[in-house]
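Data first, discussion second: the structure below is written as structure tokens.
The values are calculated or read from the model by the stated rules, or taken from the named source; none is laboratory data. Keep in mind the model is a prediction, meaning the values are calculated, not measured. Note that each Cβ is placed from the backbone with ideal geometry, even for glycine, and that neighbours are counted across all protein chains shown. Surface areas here come from the heavy atoms of the whole protein model, side chains and all, with no ligands, DNA or RNA. Shrake-Rupley method; radii C 1.70, N 1.55, O 1.52, S 1.80 Å.
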Amino acid sequence: MAGSTSFSSPLCTWLVAACMSVTCDQDHRTSAHAFRSSSSSSKLTTSRRRKLLLSKCNAAATSAVAATSHSLSSRFVSSLCGSSFQDLMNSCLAFEPCSQYYTSNGAFRSTNLNRRQRRLGRPSYSGEAMAVAVQPAKEVATKKKPVTKQRRVVVTGMGLVSPLGHDPDVFYNNLLEGCSGVSEIETFDCAKFPTRIAGEIKSFSTDGWVSPKFSKRMDKFMLYMLIAGKKALADGGITEDVMNELDKAKCGVLIGSGMGGMKVFNDAIEALRVSYRKMNPFCVPFATTNMGSAMLAMDIGWMGPNYSISTACATSNFCILNAANHIIRGEADVMLCGGSDAAIIPIGLGGFVACRALSQRNDEPTRASRPWDKNRDGFVMGEGAGVLLLEELEHAKRRGATIYAEFLGGSFTCDAYHMTEPRPDGSGVILCIEKALAQSGVSKEEVNYINAHATSTPAGDLKEYQALMHCFGKNPDLKVNSTKSMIGHLLGAAGAVEAIAAVQAIRTGWVHPNINLETPDEGVNTSVLVGPKKERLDVKAALSNSFGFGGHNSSIIFAPYK
């Protein structure tokens, strides 16, 4: 019973409202008069008319519950207008909503009076019968979001710390000359290790870059990151005056690390063997991968996006692409991004030796890293940091910055196959490259330079090469090289340092050689690979790959700014 009543009441209300706009037979004008405003002395307020109307509807509905649906309709409508349900519907549907309806969202507005009307007890429309819309309401035109031009991202500064120099120009000139930064490890005694070579940074000073109290306590990966970051700022023309003009809330830092503060953590364990009182009080924060970005932001006062990403040897590319996305989405105008690692310590070297990943060509350090060469026997560890200063194009132009190249986009995928081995069919890498092209709006024919991941491992080099040929094999102008042939594998910093090499190739029109490629692996087309000497190339679009343990694939694309 209750359910029937609740169903009937809205129906009655609608029918009665419809009848208010219908001219009924002359015999029933007295009934209709109760629903219209009157000029007699006993004028009803809107509130009373509404209560009377609803009470009659409810009474009619309650009396008709036991009847059939047809009987309910006909009896109720007849009691109001003395006509059949069909006649009522026909007459009602013949009416167009009045102009007041469109200006007031309908005349049935007794519950939507404004505060002043409710306080005075006045109806929204007095003295007139109100027409009710019984035809479908006109659709409200939805305002489409205005089309906005995507914000473009450009490279305006570069900074690095590497085995071949700590200045982008010095670093790239050494690469063009085919110099190797691989040598015997000097930081610690590694005589008992089967591998005793690495791309180790020999000369390094924090003077003028990091305060003495922090330089003594911080892990090297943080020191490298701070220096590379500040060098990128200096290279990008971010002077003290420019810094004061920047909106710090829209300036961010996103620099990651694959290994984090391994030495700080290792030293803490050794101190704990004596007593916890001997431990570095900063050992926990300085061992985490995010603290480098955090400390750099504190140093320069940038309050925008700040975090780190750690995806092993793909770390830098992940950071660069995510930093660019912050700019594209308008969350930042300027971002420092890249990666840093310093794992050439006993525990780092021992760990990679244990998994049989490193070259043991100790007698010929400079010839140890040899991507795509048939006699390669593993990669060579390296260390350092690379940082790019990415900036929104219009922001860069307003401050008169030098634009080195444009960042077009990139992509990530996961092999979901093995911790260290790539998929045999290379599908994960192929998918990553194709997604990067699609996201960047670049065709396969436009990419004519690739800085490959190519670490000098037996399986990795060949699988990447096959994936590249699958995607770009029909491009006759394609040139591929590996920066790791000269500096080794910088782990989490590799992608950023190699991105700097790609940008330098765009700037200079020269691509660096692949050294130690003496006996190419079977199936490798040497005409695609850069030879033992630098080669002239007008780079249209440069793709840089980085892959990490865990099946992390990443590809990013740069092009000349036009």
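Details
- Residue within segment 534-555 that is touching an Asp or Glu at 6+ places or on another chain (Cβ under 9 Å), open to solvent by 20 Å² or more (accessible area, probe 1.4 Å) and under 16 Å from Cys179 (Cβ atoms) present: yes
- Where a residue in segment 343-360 is surrounded by fewer than 20 Cβ atoms within 10 Å (Cβ to Cβ) and its partner, wherever it lies, is among the β-branched types (Val, Ile, Thr) and assigned to a helix (DSSP H, G or I), with Cβ under 9 Å and at least six apart: Gln360/Val353
- Checked against the criteria, Tyr307 counts as surrounded by fewer than 19 Cβ atoms within 10 Å (Cβ to Cβ), hydroxyl-bearing (Ser, Thr, Tyr) and under 19 Å from the mean Cα position of the chain (by Cα).
- Check on Thr289, at pLDDT below 95, under 20 Å from Ser554 (Cβ atoms) and touching a Phe, Trp or Tyr at 6+ places or on another chain (Cβ under 9 Å): yes
- Filtered residue count, segment 378-410, keeping only those that are small (Gly, Ala, Ser), more than 19 Å from Ala454 (Cβ to Cβ) and open to solvent by less than 10 Å² (accessible area, probe 1.4 Å): 4
- Note on segment 167-201: among residues that are surrounded by 14 or more Cβ atoms within 10 Å (Cβ to Cβ) and of a type in the set (Gly, Ala, Ser), the one that is farthest from Gly378 (Cα to Cα) is Gly178.
- Close pairs (6 angstrom Cβ cut-off, 6 or more residues apart or separate chains): part of a helix (DSSP H, G or I) in segment 168-181, aromatic (Phe, Trp, Tyr) and open to solvent by 10 Å² or more (accessible area, probe 1.4 Å) anywhere: Leu176/Trp510
- Segment 363-377, residues that are assigned to a loop (DSSP other than H, G, I, E, B) and open to solvent by less than 10 Å² (accessible area, probe 1.4 Å): Ala368, Ser369, Arg370, Pro371, Trp372
For every residue, the table says whether it meets (1) at pLDDT 95 or above; (2) out of contact with any strand residue (DSSP E or B) (no Cβ under 8 Å at 6 or more places or on another chain); (3) over 26 Å from Leu254 (Cα atoms).
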| site | (1), (2), (3) |
| --- | --- |
| Ile345 | yes, yes, no |
| Arg361 | yes, no, yes |
| Asp373 | yes, no, yes |
| Asp377 | yes, yes, yes |
| Leu388 | yes, no, no |
| Ile403 | yes, no, no |
| Gly409 | yes, no, no |
| Ile430 | yes, yes, yes |
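- If you check Ser440, Ser456 for being out of contact with any Pro (no Cβ under 8 Å at 6 or more places or on another chain), surrounded by 17 or more Cβ atoms within 10 Å (Cβ to Cβ) and at pLDDT 95 or above, only one passes: Ser440.
- Taking each residue of segment 294-319 that is within 19 Å of Ala343 (Cα to Cα) and looking for partners that are open to solvent by 20 Å² or more (accessible area, probe 1.4 Å) and aliphatic (A, V, I, L, M) with beta-carbon atoms closer than 8 Å, six or more apart or interchain, yields Thr315/Ile309.
- For segment 462-503, the set of residues classified as among the charged types (D, E, K, R) and surrounded by 24 or more Cβ atoms within 10 Å (Cβ to Cβ) consists of Glu464, Lys484, Glu498, listed by residue number.
- Residue within segment 202-223 that is in contact with a Lys or Arg (Cβ under 7 Å, 6 or more places away or on another chain), charged (D, E, K, R), buried (at least 19 other Cβ atoms within 10 Å of the Cβ) and within 19 Å of Val387 (Cα to Cα) present: yes
- All conditions in (1) free of Cβ contacts under 8 Å to residues at least 60 places away in the same chain; (2) within 21 Å of the chain's Cα centre (by Cα) hold for Asn525, with the sole exception of (2).
- Applying the set (1) among the polar types (S, T, N, Q); (2) part of a helix (DSSP H, G or I); (3) at positive phi to Ser456 leaves exactly one unmet item: (2).
- Ala505 touching a helix residue (DSSP H, G or I) at 6+ places or on another chain (Cβ under 9 Å), in contact (Cβ under 8 Å) with a residue 24 or more places away in the chain, under 19 Å from Ser456 (Cα atoms) and not in a loop (DSSP other than H, G, I, E, B): no
- Checklist (1) modelled with pLDDT of 95 or more; (2) surrounded by fewer than 18 Cβ atoms within 10 Å (Cβ to Cβ); (3) over 22 Å from the mean Cα position of the chain (by Cα) applied to Asp425, failing item: (1)
- Any hit, segment 248-269, residues being over 28 Å from Ala314 (Cβ atoms), within 31 Å of the chain's Cα centre (by Cα), basic (Lys, Arg) and open to solvent by 20 Å² or more (accessible area, probe 1.4 Å): yes
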